[in-house]
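Accompanying notes for the structure given below.
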Amino acid sequence: MFQSKLFYKAKKEFPKDEESINAKYLIRAGFIEKLSSGVYEFLPLGFRVLEKITDLVRKEMLSLNAQELLLPALHPKENWLATQRWEKFDALFKLKSRTGSEYALGPTHEEIIFPLVKEMISSYKDLPLALFQIQTKFRDELRAKAGLLRGREFLMKDLYSFHKTNEEVEKFKEKVDRAYLRIFKVLGLKVYKTFASGGTFSKYSTEFQVPTEFGEDEILICSNCKVAWNKEIKSDRICNFCKEILTDHKAIEVGNTFNLGDSFSKSFDLKFKDKDGKEKYVFAGCYGLGISRLMGAIVEVFHDDRGIIWPEKVAPFTFHILILKKKVNLSEVESIVKIIEKLKKDYLLDERNISFGQKLVESDLIGIPYRLVLSERLKNMIEFKERKSEKVKLLKISELFKFLKEKLKIK
Ligand code: ATP
Ligand code: MG
């Protein structure tokens with residue numbers, strides 16, 4: 001991608017009307033724009049990051065044999081009356097059609113997926129079943145001041161699983177927990193599996209919390225067992241497993257896994273005929289992961305005073321090629337592009353006619369993990385630098401392919 005063609009504009013200063021690090025950096029670096037409080041536009045750079053996170057999450061969901069679908073955002077009032085959440089869900093956006101019908105804008109999809117599954121299943125042979133979507137959610141959040149961390153419109157992956165017994169839900173939930181941890185590992189994000197109050201159906205629900213200074217949740221971490229408890233539930237400060245003293249941290253909840261028992265099945269009369277011929281309620285679980293919140297959390301954790309430092313797997317591009325030359329040698333640029341294509345990676349090529357200093361400043365701001373610089377000063381050598389490090393390495397073009405292949409651990 002040529003940077004001169006990219007729909008993007010870096011700003012000289014941080015936006016004045018944003019408090020959070022993620023919104024400040026993402027807006028200044030041209031990833032997002034704010035439309036109104038808690039509502040953001042994803043520009044091409046930002047959309048690429050969202051897509052890469054989405055791909056990663058989708059791959060893990062498919063590995064659980066979950067099937068992807070897409071449900072509406074516009075929900076009939078009746079569905080929300082059936083669970084009494086039309087009144088009880090504080091953040092529900094409600095709207096009225098000119099025909100008089102009332103709707104909710106979906107903040108979550110239990111009210112839609114349970115009636116749908118009821119249409120499709122009847123026997124124990126139809127279970128277990130797992131369905132997920134990656135879809136826009138709406139919530140009338142009161143405090144929408146944390147950028148992508150708390151949107152009024154945001155992107156979520158929501159997975160729902162349906163089983164014959166509560167034990168099966170618990171087992172599947174553990175599988176989802178492991179899939180989540182794999183996702184966070186790829187991102188290099190330190191995420192704590194956190195015990196939180198579970199409601200009626202299981203002792204705990206599980207939250208996945210990223211410790212950061214500006215998180216809205218408070219958790220207690222066991223540095224020994226590498227697990228945590230949400231402060232709201234825990235009456236002491238001692239680890240249940242190893243008795244170590246727990247430490248206080250602010251954190252961001254990026255995902256959760258929840259055993260719903262048979263509560264929603266009762267609201268929607270979702271039953272199956274078991275082997276013994278008896279009709280029984282279906283047991284279910286729900287598993288949320290905030291895709292856009294995760295993007296914000298990554299920026300909260302991975303940045304310095306010059307800009308964002310994207311983890312490789314979700315960076316908008318893997319390579320940033322900067323041409324700091326008055327006279328461009330096209331065949332040199334072509335050779336580099338060919339090498340990157342051979343490595344099956346993407347790149348942003350800054351061939352704009354602006355000052356070299358500005359190119360370097362914007363490159364740090366955008367935060368692409370690997371930078372290749374062509375400069376008169378370097379003669380025919382190419383400068384390689386990782387965004388996360390201050391070290392530079394000079395390479396001949398003939399050495400570049402082998403070097404990058406090893407650096408990026410490409411087989
Ligand atoms: P919170 O306590 O932070 O409001 P929640 O308990 O309401 O979160 P869920 O309803 O379980 O969250 O939603 C699943 C996931 O969706 C959360 O783990 C989070 O990552 C994401 N999420 C929830 N609300 C928002 C929001 N307003 N903006 C962005 N992401 C959100
Ligand atoms: Mg909430």
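The values are calculated or read from the model by the stated rules, or taken from the named source; none is laboratory data. Bear in mind the structure is a predicted one, so any value in this text is a computation, not a measurement. Note: ideal-geometry Cβ built from the backbone for every residue, glycine included; neighbour counts use all protein chains shown.
Some observations on this one:
- The set of residues in segment 246-293 being in contact with a Gly (Cβ under 7 Å, 6 or more places away or on another chain) and among the small types (Gly, Ala, Ser) consists of ALA251, GLY255, GLY288, GLY290, SER292.
- Hits in segment 121-169 (condition: within 13 Å of ligand 2 (Cβ to nearest atom) and within 30 Å of PHE283 (Cβ to Cβ)): LYS137, PHE138, ARG139, PHE154, MET156
- LYS275 vs. criteria in the same structural domain as MET120 (by TED's automatic domain parsing) and either assigned to a helix (DSSP H, G or I) or farther than 26 Å from LYS250 by Cα (or both): yes
- Top-ranked residue of segment 231-277 - restricted to ones that are among the acidic types (Asp, Glu) and away from ligand 2 (no atom under 16 Å from the Cβ), ranked as nearest to LYS171 (Cα to Cα): ASP262
- Criterion violated by LEU69 - all others in (1) surrounded by 15 or more Cβ atoms within 10 Å (Cβ to Cβ); (2) more than 16 Å from ligand 1 (Cβ to nearest atom); (3) more than 15 Å from ARG139 (Cβ to Cβ) satisfied: (1)
- Residues that are free of Cβ contacts under 8 Å to residues at least 24 places away in the same chain and over 27 Å from LYS273 (Cβ atoms) within segment 164-180 comprise GLU174, ARG178, listed in sequence order.
- Which numbered condition ALA104 fails, given (1) in a strand (DSSP E or B); (2) more than 16 Å from ligand 2 (Cβ to nearest atom); (3) more than 17 Å from the chain's Cα centre (by Cα): (2)
Residues are listed down the side, and each one gets a yes or a no for (1) surrounded by 20 or more Cβ atoms within 10 Å (Cβ to Cβ); (2) of a type outside the set (Gly, Ala, Ser); (3) in the same structural domain as LEU50 (by TED's automatic domain parsing); (4) not in a helix (DSSP H, G or I):
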residue	(1), (2), (3), (4)
ILE323	yes, yes, no, yes
LYS327	no, yes, no, yes
GLU332	no, yes, no, no
SER335	no, no, no, no
GLN358	no, yes, no, no
SER363	yes, no, no, no
ASN380	no, yes, no, yes
GLU383	no, yes, no, yes
SER389	no, no, no, yes
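- If the condition is being among the β-branched types (Val, Ile, Thr), part of a helix (DSSP H, G or I) and farther than 22 Å from LYS59 by Cβ, then segment 142-195 contributes only VAL169.
- Cβ-Cβ under 7 Å pairs, at least 6 apart or on other chains, segment 288-310 side assigned to a helix (DSSP H, G or I), far side among the charged types (D, E, K, R) and away from ligand 2 (no atom under 15 Å from the Cβ): ILE291/LYS157
- Flag if SER335 is small (Gly, Ala, Ser) and touching a helix residue (DSSP H, G or I) at 6+ places or on another chain (Cβ under 8 Å): yes
- When residues in segment 75-94 are screened for being away from ligand 1 (no atom under 16 Å from the Cβ) and surrounded by 12 or more Cβ atoms within 10 Å (Cβ to Cβ), 8 of them pass.
- Hey, GLU341 over 23 Å from the mean Cα position of the chain (by Cα), outside the structural domain of PHE47 (by TED's automatic domain parsing) and surrounded by 14 or more Cβ atoms within 10 Å (Cβ to Cβ) or not: no
- Residue that is nearest to PHE214 (Cα to Cα) [pool: residues in segment 139-148 that are crowded, with 20+ Cβ neighbours inside 10 Å and more than 6 Å from ligand 1 (Cβ to nearest atom)]: ALA146
- The residue that is surrounded by the fewest Cβ atoms within 10 Å (Cβ to Cβ), among those in segment 204-254 that are within 20 Å of ARG143 (Cβ to Cβ) and in contact with a helix residue (DSSP H, G or I) (Cβ under 6 Å, 6 or more places away or on another chain), is THR212.
- Which listed residue, of ALA228, ALA196, ALA179, is away from ligand 2 (no atom under 16 Å from the Cβ) and more than 15 Å from the chain's Cα centre (by Cα): ALA228
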